[in-house]
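Colleague: Just passing along the structure, written as structure tokens.
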Amino acid sequence: MNLHRTAARAALALPFLLLAGAAGAQQGSDAAYIKKVGTAAPPGIVQNATIVKMANGTMQTLKQGTNGFTCMVLGGGTPMCGDTGAMEWAHAWQSHAAPPDKVGFMYMLAGDTGVSNTDPYAEKPQAGNHWVKTGPHVMILGPAVKVMAGYPRSPDPNTKEAYVMWAGTPYEHLMIPVK
């Protein structure tokens with residue numbers, strides 16, 4: 001086991017785990033949590049991913065992976081899996097820092113519970129923040145989105161088609177529905 005890589009993944013996962021808050025701590029048994037995480041990505045990804053969980057205010061690694069993906073359940077019960085680039089992007093987003101100059105890939109095959117399509121930091125639906133719920137999807141994060149012409153950048157997208165979320169912000173990313 002590469003302890004440096006484990007520590008790096010843990011540090012990158014922490015912002016997402018902070019989003020999980022008490023919700024992550026109340027997911028029940030580790031087996032139930034891992035089962036829920038299993039809905040985030042294809043079985044081959046989850047099987048070889050690091051699985052982390054927030055419990056009692058600290059992050060726990062439930063399973064050490066080998067494929068560069070980290071999987072967890074976010075606040076609101078949304079399971080996700082992201083590669084190293086995605087986790088670095090998420091860390092930048094959560095810490096209001098400049099995103100890394102690399103591509104990241106994230107799975108959310110169980111869908112999401114909703115998010116503002118215009119404000120990366122909105123916590124609930126409010127007038128003007130263009131709240132959207134996207135069913136099962138994957139995301140491409142990072143500089144590649146800026147050169148992908150032709151994808152809708154509307155604040156009120158058709159969530160059944162690929163679109164750019166948070167367009168015009170440093171955290172814009174491509175949302176790609178898969179069902």
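Colleague: Multiplying the sequence separation of Asp101 and Asn158 by 0.36 nm and subtracting their Cα-Cα distance, what value in nm do you get?
Modeller: Computed gain between Asp101 and Asn158 is 17.7 nm.
Colleague: From the backbone phi of the range 165-172, what are the Karplus-calculated ³J(HN,Hα) couplings (6.51 cos²θ - 1.76 cosθ + 1.60, θ = phi - 60°) in whole Hz, Gly and Pro given as x?
Modeller: 8, 6, 3, x, 9, x, 9, 4
Colleague: Further question: Calculate the dipole size of the range 38-161 relative to its Cα centre from +1 charges on Lys and Arg beta carbons and -1 charges on Asp and Glu beta carbons; express the result in debye to the nearest 20.
Modeller: For this selection, approximately 160 debye.
Colleague: Can you flag which of Lys35/Lys63; Lys53/Lys133; Lys124/Lys179 are past 20 Å Cα-Cα?
Modeller: Lys53/Lys133; Lys124/Lys179
Colleague: Any chance you could run the full-extension gain for Tyr151 through Thr58? It's 0.36 nm times the residue separation minus the Cα-Cα distance, nm to one decimal.
Modeller: That pair, Tyr151 and Thr58, stretches by 29.6 nm at full extension.
Colleague: Considering the dipole of the range 97-177 built from charges on the beta carbon (Lys and Arg +1, Asp and Glu -1) around the Cα centre, which of Ala127, Val145, Gly168 is farthest to its positive end?
Modeller: The residue sitting farthest along the positive end of the dipole is Val145.
Colleague: For the range 30-89, what class follows from the C-alpha gyration tensor (a ≥ b ≥ c being the square roots of its eigenvalues): rounded when a/c is under 1.5, otherwise prolate if a/b is larger than b/c, else oblate?
Modeller: rounded
Colleague: Just tell me which lysines come within less than 18 Å, Cα to Cα, of Lys102; anything on the same chain fewer than 8 places away is out.
Modeller: Straight-distance partners of Lys102: Lys146.
Colleague: Starting from 0 in steps of 5 Å, tell me what percent of the Cα-Cα pairs of the range 78-144 lands in each bin.
Modeller: Calculated over all Cα pairs of the range 78-144, the distribution is 4, 18, 21, 25, 23, 8, 1 percent.
Colleague: With a bin width of 5 angstrom, please list the P(r) values of the range 97-177 as percents of all Cα-Cα pairs, from the 0 bin to the one holding the largest distance.
Modeller: 3, 16, 27, 28, 19, 7, 1
Colleague: Sorted by average packing, counted as other Cβ atoms within 10 angstrom per residue and highest first, what order do 116-127, 49-60 take? Spell out each step's value before the answer.
Modeller: Details: 116-127: 14.5, 49-60: 18.9.
Going from most to least packed, we get 49-60, 116-127.
Colleague: Using mean Cβ contacts within 10 Å as the protection proxy, how do 64-70, 97-103 order, highest first?
Modeller: Per-residue Cβ counts within 10 Å, averaged per peptide and sorted highest first, yield 64-70, 97-103.
Colleague: Apply 1/(1 + (r/R0)^6) to the Cβ-Cβ distance of Asn48 and Ala127, taking R0 = 41 Å, and write down the FRET efficiency to the nearest 0.05. Could you put the intermediate results ahead of the total?
Modeller: On the way: r = 44 Å, r/R0 = 1.06.
For Asn48 and Ala127, the calculated efficiency is 0.40.
Colleague: Please give the charge dipole size of the range 96-161, origin at the Cα centre, charges +1 on K and R Cβ atoms and -1 on D and E Cβ atoms. Round to the nearest 20 debye.
Modeller: 100 debye
Colleague: Still on this structure, I have one more. What is the distance in Å between the Cα centres of the range 129-176 and the range 47-96?
Modeller: 21 Å
No value in this document is a laboratory result; all are computed from the given coordinates. Remember, predicted model here, so these are calculated numbers, not experimental data. Every residue, glycine among them, receives a Cβ derived from its backbone with ideal geometry; neighbour counts consider all protein chains shown.
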